[in-house]
Amino acid sequence: MRSHPLREQIIAEVHARPFQMLQAPLAMRHLAVMYDDTPLEALRDSIHQLTQQLKLTETISKSRFWQGENEQLALRFEAHHEFYTLTLTALNTLELPPAWLETAPGRFLCGAEILFRDHETNADENAWLEQHFGENQVNSSMVMSKVGQIWTDFYPREDTGMVRVLVEDHGLQLRQAGRLLQRICEIETYRHVALLALPLANKVVPDINQLETELVELSTRVSSEEPSVLLPQLMDLAERLETLSAQTSNRFSAAEAYFTLVNKRIAELRETRIEGRQTVEQFMDRRLDPATRTCRAAGQRIEQLSRRLARTTQLVRSQVDLSVEQQNRDMLSSLTKRAGEQLRLQAKLESFSIIVVTYYAFDLIDRTLRNLVENEEHRHLMEAGLSISVPFIALLLWLYIRRLLRGVGED
């Protein structure tokens with residue numbers, strides 16, 4: 001038995017992104033950066049330069065995932081389809097080298113700063129929250145079956161452009177803490193990537209409205225105008241709609257997938273509501289759900305418009321088919337009429353053909369009798385009888401010709 005050629009790749013993919021074993025206190029900085037047509041090799045070279053500056057030792061190295069660490073910090077690089085992420089974990093507040101940030105490939109999209117601390121019964125929570133969030137409204141909940149608590153305002157900080165999240169340990173296990181912090185990072189990343197479709201949806205809505213109006217106007221003219229007038233307009237409408245679909249389908253499909261991932265990661269937090277605080281799920285339902293519905297509605301309207309255009313085009317094609325069938329029927333009717341006229345003309349000419357054949361038959365018999373009968377008296381009698389039989393000869397010929405032409409007349 002041979003091993004499947006993709007078996008090792010599949011196994012490596014399943015285990016390529018292990019959860020970290022984390023323990024409070026620590027700080028984490030997570031960045032999501034769009035590729036901006038940057039090759040993967042260039043990204044890996046840039047990450048290699050960063051690891052040299054931070055003096056990290058490589059612990060995991062895959063084609064799309066890399067991890068390195070030292071005694072003070074750890075760095076994780078993960079390449080996705082549209083973006084890559086960098087996650088830096090340290091014991092204290094950390095900063096990436098400014099020189100590297102200036103030359104880092106890609107375009108910064110979003111980020112999260114996570115401060116993870118042990119639970120302190122005597123700690124002043126309000127002072128801690130005011131220190132990091134000021135007067136902003138703070139969302140908070142107990143997570144992971146009440147063994148952790150999170151706070152965030154979902155506002156990007158002016159100095160870093162990242163959202164700050166505070167996490168408190170109420171009995172988290174090491175890998176459980178790693179899962180919690182990674183899910184927080186993924187929620188922040190996926191919601192921003194999903195929202196990339198919202199400006200596009202708002203941009204194309206007027207175009208969709210215009211196409212719908214034109215299609216309704218064309219649909220009302222299907223029964224009253226010639227297909228030759230409607231088809232060019234339908235083709236132009238179909239071309240514009242196909243262009244719009246090609247420009248938006250990938251983005252809307254990706255947004256739907258990322259919105260699903262956001263909801264799944266929020267569900268994995270297993271939040272328990274704190275009185276007076278809004279949970280992450282409630283925040284997303286209120287702020288993210290309208291954007292989700294807008295993007296989904298724009299994509300569905302384009303698909304429905306395509307189906308309606310196809311039905312309208314089919315109606316016009318049916319009219320064309322009916323017109324062609326009518327023309328074919330008229331042509332066949334004309335051919336049948338001409339064939340009938342030819343048959344009637346042929347029937348009229350039958351009498352002339354009978355006369356000619358009768359004449360030749362009479363002449364042939366007469367010449368035969370003249371050559372065979374030498375007696376003058378007998379020959380005159382036979383010629384007289386032959387003359388009397390002319391009508392009978394004509395009648396026999398007429399019956400014979402009618403019999404030959406009977407099948408033709410029926411066809």
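The values are calculated or read from the model by the stated rules, or taken from the named source; none is laboratory data. Since we're looking at a predicted model, the values are computed, not measured. Cβ sites come from the backbone with ideal geometry, for glycine too, and all protein chains shown count toward neighbours. SASA here: full protein model, heavy atoms, side chains in, ligands and nucleic acids out. Shrake-Rupley method; radii C 1.70, N 1.55, O 1.52, S 1.80 Å.
Of (1) surrounded by 12 or more Cβ atoms within 10 Å (Cβ to Cβ); (2) among the aliphatic types (A, V, I, L, M); (3) within 29 Å of the chain's Cα centre (by Cα), A267 satisfies all except one. Which?
(1)
State yes or no: is S219 modelled with pLDDT under 90, among the small types (G, A, S) and either surrounded by 14 or more Cβ atoms within 10 Å (Cβ to Cβ) or in contact with a His (Cβ under 6 Å, 6 or more places away or on another chain) (or both)?
Criteria met by S219.
Would you check if Q72 is more than 24 Å from G161 (Cβ to Cβ) and surrounded by 18 or more Cβ atoms within 10 Å (Cβ to Cβ)?
The answer is no for Q72.
Considering only residues that are in a strand (DSSP E or B), crowded, with 18+ Cβ neighbours inside 10 Å and either charged (D, E, K, R) or under 37 Å from the mean Cα position of the chain (by Cα) (or both), which ones fall in segment 102-118?
L109, C110, G111, A112, E113
What are the residues in segment 140-154 that are assigned to a strand (DSSP E or B) and under 12 Å from V167 (Cα atoms), if any?
S140, S141, M142, V143, G148, Q149, I150, W151, T152 - these are the residues of segment 140-154 that are assigned to a strand (DSSP E or B) and under 12 Å from V167 (Cα atoms).
Could you say whether any residue in segment 49-58 is outside any strand (DSSP E or B), open to solvent by less than 40 Å² (accessible area, probe 1.4 Å) and in contact with a Pro (Cβ under 9 Å, 6 or more places away or on another chain)?
yes
Restricting the search to segment 364-397, which residues are open to solvent by less than 40 Å² (accessible area, probe 1.4 Å) and not in a helix (DSSP H, G or I)?
Residues satisfying the conditions are V373, S389.
When you scan segment 326-340, do you find a residue that is in a helix (DSSP H, G or I), charged (D, E, K, R) and surrounded by 11 or more Cβ atoms within 10 Å (Cβ to Cβ), even just one?
no
When you check T85 against the structure, is it within 37 Å of the chain's Cα centre (by Cα), part of a strand (DSSP E or B), of a type in the set (S, T, Y) and within 30 Å of Q278 (Cβ to Cβ), yes or no?
Judged against the criteria, T85 is a match.
Being free of Cβ contacts under 8 Å to residues at least 60 places away in the same chain and not aromatic (F, W, Y) is the filter here; which residues of segment 150-159 pass it?
Once the filter is applied, which keeps residues that are free of Cβ contacts under 8 Å to residues at least 60 places away in the same chain and not aromatic (F, W, Y), segment 150-159 yields D153, P156, R157, E158, D159.
Note down all Cβ pairs under 8 Å where the first residue falls in segment 1-25 and is among the basic types (K, R) and surrounded by 10 or more Cβ atoms within 10 Å (Cβ to Cβ), the second is modelled with pLDDT of 65 or more and not in a loop (DSSP other than H, G, I, E, B), and they're at least six residues apart or on different chains.
Filtered contacts from segment 1-25: R17/F65; R17/E78.
Would you call Q173 open to solvent by 10 Å² or more (accessible area, probe 1.4 Å) and under 30 Å from H81 (Cβ atoms)?
Here the answer is no, as Q173 does not meet what is asked.
Results for (1) within 24 Å of A254 (Cβ to Cβ); (2) more than 34 Å from the chain's Cα centre (by Cα), shown as yes or no for each residue.
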{"site": "V165", "(1), (2)": "no, yes"}
{"site": "E168", "(1), (2)": "no, yes"}
{"site": "G178", "(1), (2)": "no, yes"}
{"site": "L181", "(1), (2)": "no, yes"}
{"site": "C185", "(1), (2)": "yes, no"}
{"site": "R191", "(1), (2)": "yes, no"}
{"site": "A197", "(1), (2)": "yes, no"}
{"site": "L211", "(1), (2)": "yes, no"}
{"site": "E217", "(1), (2)": "no, no"}
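Tally the residues that are assigned to a loop (DSSP other than H, G, I, E, B) and either within 23 Å of V33 (Cβ to Cβ) or touching a Phe, Trp or Tyr at 6+ places or on another chain (Cβ under 6 Å) (or both), restricting the search to segment 88-101.
Here the count works out to 5.
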